[in-house]
Amino acid sequence: MFGLLDCNNFYASCECVFDPALWGRAVVVLSNNDGCVIARSPAARAMGIKMGTPAFQLRKLIDAGTVVARSSNYTLYGDMSARVMRLLAEIVPDVEIYSIDEAFFKIPDNANYAELGANIARYVTQSTGVPVSVGIGPTKTLAKVANHAAKKYPGYKRVCVIDNDEKRRRALELTPVDDVWGIGRRHGARLNTMGVFTAADFARLPRARVQKLMTVTGLRTWCELNGTACIQLEMHPADKQQICTSRSFAVMQTELADLESAVATFAARCGAKLRAGQLVAGSVMTFLTTNRFRPDLPQCVLTRVLPMPFVTNDTRVIVSVALDALGQIYRTGFQYKKAGVIVNDITPARNRPMDLFGAHDTAASDNLMAAIDAINTRFGKNTVRLTAEIGNQTWRPMHNMLSPNYTTDINDIIEIHCK
């Protein structure tokens, strides 16, 4: 049997955990630059606020205090996610972290499924304050279906178990086909035109017809919905093919010097991600884009890929190559809204080829980067930076409603004053 733990309204719940007065209120979390809604509390959803709603459309409600808005705080959410996953792993050892707020896990056949699910939900919620739902089924897709029911129907008390064929059929009848993991909106709309509206309708289709319509991927989903496990836990994530760091700018940028500060910062972040994963890269791509929502302005999308002189995760090299690429693509006369850096040709650092002629002192580079990472981890990620990263900071995303980093910054730790 498989289980799926899913944090309910995760970003909004994290905000409520550290500001309990927000529980029960309409809370929305906004995207970078406080642009649009990316998470909603149940009260915000009940008001009809949709995912992707632009923040300016909610301005009156926010100013009136009817809706509480928060800027996205991925440092806080990432740390809370890590806590949730550690707690889950204390109860069930075989865990696949699927996303920041979801994890699959394997359940022993002799376990009491309902009791185990309830214990997991209670333990994680009590330990973190984040409400979670648990779905359990004989396949990963059915665990997803069960989790959907656990969240949607209060009678399940946040734990739904599909452990027999009757429960499976009932759950599939209640699940819209486009909510099924592996089908999605595009295939769902196509299936609707064929009279397939629920997961049960899909599961009843002939096998050959499913394979013709949706190839092997759709057939695998069909098998899973019918109780045959085709997707196993991925205990070890696949190696990354590329790492990207990009941002939309708070203010559109026109000057090369200001763009250099942004690109250098993004490249340095890519280097830190490589080292965190014990990886090295062989090439760098820098890109610039204008604002596609401003058709009144000149538009362009500019990219350049350059090889690095040797595979590395040294921030100094990555930044240098990224800035060389920027210099080659930059054009005057445009207002740039977004830039980014992508490192490619990634391999594990342990497989890094040796430098035959000794032009690069790998040991010295590794020691320097390790020292910088240690300092930035202890005192803040911007404590040690390259000079190229320092400059005009108007490109940085707006976070006008950002909550403190309660769990990762000693300066933001919650203070309790007792009289």
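Values computed for the structure shown
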quantity: Values of log10 I(q)/I(0), in the order q = 0.11 Å⁻¹, for segment 181-318 under a Debye, Cα-only, solvent-free model; calculated: -0.73
quantity: Orientation-averaged projected area, Cα convex hull of segment 23-158 (nm²); calculated: 9.0
quantity: Counted charge near Val210, where neighbours are those whose Cβ lies closer than 15 Å (Asp, Glu -1; Lys, Arg +1); calculated: +4
quantity: Residue among Ser248, Ser320, Ser99 with the largest mean-square fluctuation in a Gaussian network model of the chain, springs linking Cα atoms under 10 Å; calculated: Ser99
quantity: Heavy atoms of Ser41: accessible area, 1.4 Å probe, square angstrom to 10; calculated: 10
quantity: Carbon + sulfur, % of accessible area of segment 307-397 - ligands and nucleic acids excluded, 1.4 Å; calculated: 56
quantity: Per-residue [θ]222 nm for the chain (sum of -39500 (n - 2.57) over DSSP H runs n ≥ 4, rounded to 500); calculated: -12000 deg cm²/dmol
quantity: Relative contact order, percent, segment 250-323 [alpha-carbon distance under 8 Å, six or more residues apart]; calculated: 38
quantity: Contour excess over end-to-end distance, with Cα ends at Tyr123 and His236 and 0.36 nm allotted per residue; calculated: 38.2 nm
quantity: Theoretical gain in end-to-end length, Arg209 to Arg86 [0.36 nm per residue, Cα-Cα removed]; calculated: 40.1 nm
quantity: Three-way shape call for the chain based on the alpha-carbon gyration tensor, with the a/c threshold at 1.5; calculated: prolate
quantity: Among Cys270, Cys36, Cys223, residue whose mean-square fluctuation peaks in a GNM of the chain (springs only between Cα atoms under 10 Å); calculated: Cys223
quantity: Point-to-point label distance, Gln57-Asp94, nm (Cα→Cβ direction, 7 Å offset); calculated: 4.5
quantity: FRET efficiency, Met47 to Val251 (Cβ-Cβ, R0 25 Å, nearest 0.05); calculated: 0.20
quantity: FRET E, pair Phe379, Ala21, Förster distance 35 Å, beta-carbon r, rounded to 0.05; calculated: 0.65
quantity: Per-residue SASA entry for Asp239, accessible area with 1.4 Å probe, Å² rounded to 10; calculated: 110
quantity: Accessible-area order (highest first, 1.4 angstrom probe) of the listed residues Lys273, Lys212, Lys419, Lys151; calculated: Lys419, Lys212, Lys151, Lys273
quantity: Charge tally in the Cβ shell below 11 Å around Val159, where Lys, Arg are +1 and Asp, Glu are -1, Val159 excluded; calculated: +3
quantity: Zone residues, segment 87-114, relative to Lys167, backbone N less than 17 Å from point 7 Å out along Cα-to-Cβ; calculated: 105-114
quantity: Accessible-area order (highest first, 1.4 angstrom probe) of the listed residues Phe202, Phe293; calculated: Phe293, Phe202
quantity: In degrees, nearest ten, helix 362-379 long axis to first principal axis of the chain (Cα); calculated: 70
quantity: Nearest-ten-degree value, helix 113-128 long axis tilted from longest Cα axis of the chain; calculated: 40
quantity: Glu415, Glu255, reordered so the largest accessible area comes first (probe 1.4 Å); calculated: Glu415, Glu255
quantity: Accessible surface, the chain, averaged per residue in Å² (probe 1.4 Å); calculated: 52
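The values are calculated or read from the model by the stated rules, or taken from the named source; none is laboratory data. A quick note: this is a predicted structure, and the numbers were derived from the prediction, not measured. Virtual Cβ from ideal backbone geometry, glycine too; neighbours counted across all protein chains shown. Areas reflect the complete protein model, heavy atoms only, side chains present, ligands, DNA and RNA absent. Shrake-Rupley method; radii C 1.70, N 1.55, O 1.52, S 1.80 Å.
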